[in-house]
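Okay, structure first, notes after.
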2 protein chains.
Amino acid sequence: MEIKIQKKMLEANESDAEKNRKNFKDKNIFVLNVMSSPGSGKTETLCKTLKMVMPKIRTGVIVGDICTHNDADRLEASGAKVVQINTDKFGGDCHLSANMIDKAAKEFDLDNLDLLIVENIGNLVCPAEFDIGENARVVLLSVTEGEDKPLKYPLMFQVADAAILNKIDLLPYLDFNANEAVDNMRKVHPQMPVFQLSAKTEEGFEPWIEWLFGCVKK
Amino acid sequence: MEIKIQKKMLEANESDAEKNRKNFKDKNIFVLNVMSSPGSGKTETLCKTLKMVMPKIRTGVIVGDICTHNDADRLEASGAKVVQINTDKFGGDCHLSANMIDKAAKEFDLDNLDLLIVENIGNLVCPAEFDIGENARVVLLSVTEGEDKPLKYPLMFQVADAAILNKIDLLPYLDFNANEAVDNMRKVHPQMPVFQLSAKTEEGFEPWIEWLFGCVKK
């Protein structure tokens, strides 16, 4: 019974997601869903990304957290319009769902937006199961989290269209084999583009920003 | 309706958890539920912990992952009996539930065990909602994850009986304020014991091991 209910919930979400996708397509907006564990550096990566792509790409951000407005405050410094979703009002949900995105999207001037970035709740499991109507998904892994995470949390890396290996500035201080981590990502998702960068030092951002420009231009 | 179903699931789990708690109490076994984000260092911390407490404390470990046997292999090197639960057989569940612990516990010789450690799935959200029949909960946060995580994921820190701030060997290379992180933990859970340590260098283990001995002796 539990599995049936979960299937129904996922089906309802899928239908909401398709509506979102159609709405965003009508407005010619590319939607990017950014996911990772807590503390992998989603917000810092997006702060630097916004600085590099705006105002060339008119970007809005929806950011999901169970509690606090911290991430929205940091992202707003870029000048982008940012809408914070706090899921503690929804029982502390562990992921964003398509209906939350629909509601948050109403706060943007969609006629003047090229890119909508959604920073999902920090969780390497559940958000992978919930389509929010995005056009692409990016998963972040930081070099402090261990090389085996793609094998242990394969769904997230399977549904992602690209991966970012973040915090490479810390590599000299860790026993972390970046090649092994990338190999593991490609074991579960062959040919996935992987961008090795540091949101702190901005090293390695060029190919990532190029990829993002390519997405929005399409 | 969704909320009602979730409530029913949690109630069923709560009843299974109470059965587990009674079973373990009858055998005089202390059960510790260890939780954190992926990559915070649960396995490494437990490897070092086992080395320090065994054979004085007869310890068994149940380790949960969606996929792979990696963590069990690492923990088995300590000589402890380790049972791996892979939730991909259960639809890739994002947390361990009480009935999974009941099944796994049957693989141990419970008459010869003082401490059963459960390493939960790497997830700072969902495992906090599922009682597995434990006597105490420990949450790990690593210094690479940011000071604000206790405020953003408060339930996990509220339900924990103690916290470990791990990877303090990396502090010289990070803009991380350990005092601020501890303050944030205590904002959501006043007086919670917090052990600052490095599973890599074994710095700071003594108070943690002492706390653990105190739990088992009770």
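Just so you know, all these numbers are worked out from the coordinates, no wet-lab data involved. In this text, all values refer to a predicted model and were calculated from it rather than measured experimentally. For neighbour counting, all protein chains shown are included, and Cβ atoms are generated from backbone atoms with ideal geometry for every residue, glycine included.
Numbers below:
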read-out: Output for segment A:97-106, where each listed residue is part of a loop (DSSP other than H, G, I, E, B) and under 14 Å from A:Gly64 (Cβ atoms); value: A:Ser97
read-out: Hits in segment B:6-30 - residues which are assigned to a helix (DSSP H, G or I) and of a type in the set (D, E, K, R); value: B:Lys7, B:Lys8, B:Glu11, B:Glu14, B:Asp16, B:Glu18, B:Lys19, B:Arg21, B:Lys22, B:Lys25, B:Asp26
read-out: Test: B:Cys94 is assigned to a loop (DSSP other than H, G, I, E, B) and buried (at least 21 other Cβ atoms within 10 Å of the Cβ); value: yes
read-out: Cross-chain or 6+ apart pairs with Cβ under 7 Å, segment A:91-106 first and within 14 Å of another protein chain (Cβ to nearest Cβ) and closer than 20 Å to B:Leu155 by Cα, then of a type in the set (Val, Ile, Thr) and surrounded by fewer than 20 Cβ atoms within 10 Å (Cβ to Cβ); value: A:Gly91/B:Ile3; A:Asp93/A:Thr87
read-out: Of residues in segment A:112-127 being facing chain B (nearest Cβ under 8 Å) and of a type in the set (A, V, I, L, M, F, W, C), the one farthest from A:Phe205 (Cα to Cα); value: A:Cys126
read-out: Yes/no for A:Lys152 being within 14 Å of chain B (Cβ to nearest Cβ), within 26 Å of B:Asn86 (Cβ to Cβ), out of contact with any Lys or Arg (no Cβ under 9 Å at 6 or more places or on another chain) and free of Cβ contacts under 8 Å to residues at least 24 places away in the same chain; value: yes
read-out: Qualifying positions in segment A:128-142 - in contact with a Ser or Thr (Cβ under 9 Å, 6 or more places away or on another chain) and at the interface with chain B (Cβ under 9 Å from one of its Cβ atoms); value: A:Leu141, A:Ser142
read-out: Hits in segment B:155-168 (condition: among the polar types (S, T, N, Q) and either outside any helix (DSSP H, G or I) or touching a residue at least 60 places away in the same chain (Cβ under 8 Å) (or both)); value: B:Asn166
read-out: Test set (1) more than 16 Å from the chain's Cα centre (by Cα); (2) under 28 Å from A:Leu155 (Cα atoms) - B:Cys47 fails condition number; value: (1)
read-out: Test: residue in segment B:70-83 that is farther than 25 Å from A:Glu145 by Cβ and more than 13 Å from chain A (Cβ to nearest Cβ); value: yes
